[in-house]
Amino acid sequence: MGILEVKGINKRFGGLQALGDVNLSVQENTVHAIIGPNGAGKSTLLNVLVGKLIPDSGSVMFDGKSVLGLKPFEITQMGISRVFQTPEIFINLTVMENVLIPCFAKRDGAYRLHALESFASEKDMIEQAEKMLEEVNMLDKRHMIASSMSRGDKRRLEMAMCLVQEPRLLLLDEPTAGMARADTENTIQLLKDIRTQRGITMAIIEHDMNVVFSLADRITVLAQGMPLVEDTPDKIKNHPKVREAYLGEAQV
Ligand SMILES: Nc1ncnc2c1ncn2[C@@H]1O[C@H](COP(=O)(O)OP(=O)(O)OP(=O)(O)O)[C@@H](O)[C@H]1O
Ligand SMILES: [Mg+2]
């Protein structure tokens, strides 16, 4: 049994079958990559896992408990955090304030922005937030307004916002998209460190195969909403079905 067990997920958007009978089993303390061409249904699957979308049928079990029908913050409290394809940060707040928001959410069970007014008295939370910012190498930027940051920094900030929630499962939707090479390499190293130091299980969606093969223990390939093949990186590399799914544009 994996820490995450997804069975028979179907999701239609009108006439489009975005997910068709998707199964996924993610084992504890592994990195599981989900790859596939644009529009394959990868982000839709993550949306189902975090309660943003209700599937038409199927089940999602995390640590033996169903997450379907739970509110997103309840799923976060269970131990699932997510880095979105488009960073979901509060651009008018400082870096530090952004990291404090999930601290309050974790403690109070909901996003209570007004609680920020009293954050000066929340010494333990500030210490925790600073620790996370240090971990993602952003402590020196804690007073910066989030909108002024580079894409790579916004991604790192989002990771810090996930880490303060102390997740057991971290979902990452294209964490290196649009990053310069050096930033991508830093992100690979950061994710390796998070894994070894914190033992967090990860499911990662990526188009950059260098990132995938640097991190993944298992890979699931989705094509047109269907799981095509699931295997080790070595087997996936040379799988004819995978090459076919990418129609020759493949980096695999
Ligand atoms: N809310 C929605 N309403 C209607 N159609 C949607 C919605 N969300 C996604 N889709 C469609 O579902 C399909 C799968 O989309 P999804 O975003 O999951 O793909 P993806 O694999 O993440 O692609 P990419 O690699 O480009 O991010 C696409 O055809 C997309 O246009
Ligand atoms: Mg996507």
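Quick look at the numbers
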{"quantity": "Condition met for residue 217 (more than 16 Å from ligand 1 (Cβ to nearest atom), open to solvent by less than 70 Å² (accessible area, probe 1.4 Å) and free of Cβ contacts under 8 Å to residues at least 40 places away in the same chain)", "calculated": "no"}
{"quantity": "Matching residues in region 167-192 - criterion: being open to solvent by 40 Å² or more (accessible area, probe 1.4 Å) and either free of Cβ contacts under 8 Å to residues at least 60 places away in the same chain or of a type in the set (A, V, I, L, M, F, W, C) (or both)", "calculated": "178, 180, 181, 182, 185, 186, 189, 192"}
{"quantity": "Filter pass, residue 3 being open to solvent by less than 20 Å² (accessible area, probe 1.4 Å), closer than 20 Å to residue 162 by Cβ, at pLDDT 90 or above and more than 16 Å from ligand 2 (Cβ to nearest atom)", "calculated": "yes"}
{"quantity": "All positions within region 46-78 that are among the β-branched types (Val, Ile, Thr) and either within 16 Å of ligand 2 (Cβ to nearest atom) or without any contact (Cβ under 8 Å) to a residue 40 or more places away in the chain (or both)", "calculated": "48, 50, 54, 67, 75"}
{"quantity": "Some residue of region 78-92 being over 19 Å from residue 173 (Cβ atoms) and touching a His at 6+ places or on another chain (Cβ under 9 Å)", "calculated": "no"}
{"quantity": "First in region 120-137 and in a helix (DSSP H, G or I), second anywhere and open to solvent by 90 Å² or more (accessible area, probe 1.4 Å) and at pLDDT below 85, Cβ under 8 Å, 6 or more apart", "calculated": "125/107"}
{"quantity": "Region 11-32 - residue that is within 13 Å of ligand 1 (Cβ to nearest atom) and touching a Pro at 6+ places or on another chain (Cβ under 8 Å) and, of those, most open to solvent (accessible area, probe 1.4 Å)", "calculated": "11"}
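The values are calculated or read from the model by the stated rules, or taken from the named source; none is laboratory data. Not measured: the values here are computed from a predicted model. Here the Cβ is made from the backbone with ideal geometry for all residues, glycine too, and neighbour counts use every protein chain on show. What goes into the accessible areas is simple: the full protein's heavy atoms, side chains included, and nothing from ligands, DNA or RNA. Shrake-Rupley method; radii C 1.70, N 1.55, O 1.52, S 1.80 Å.
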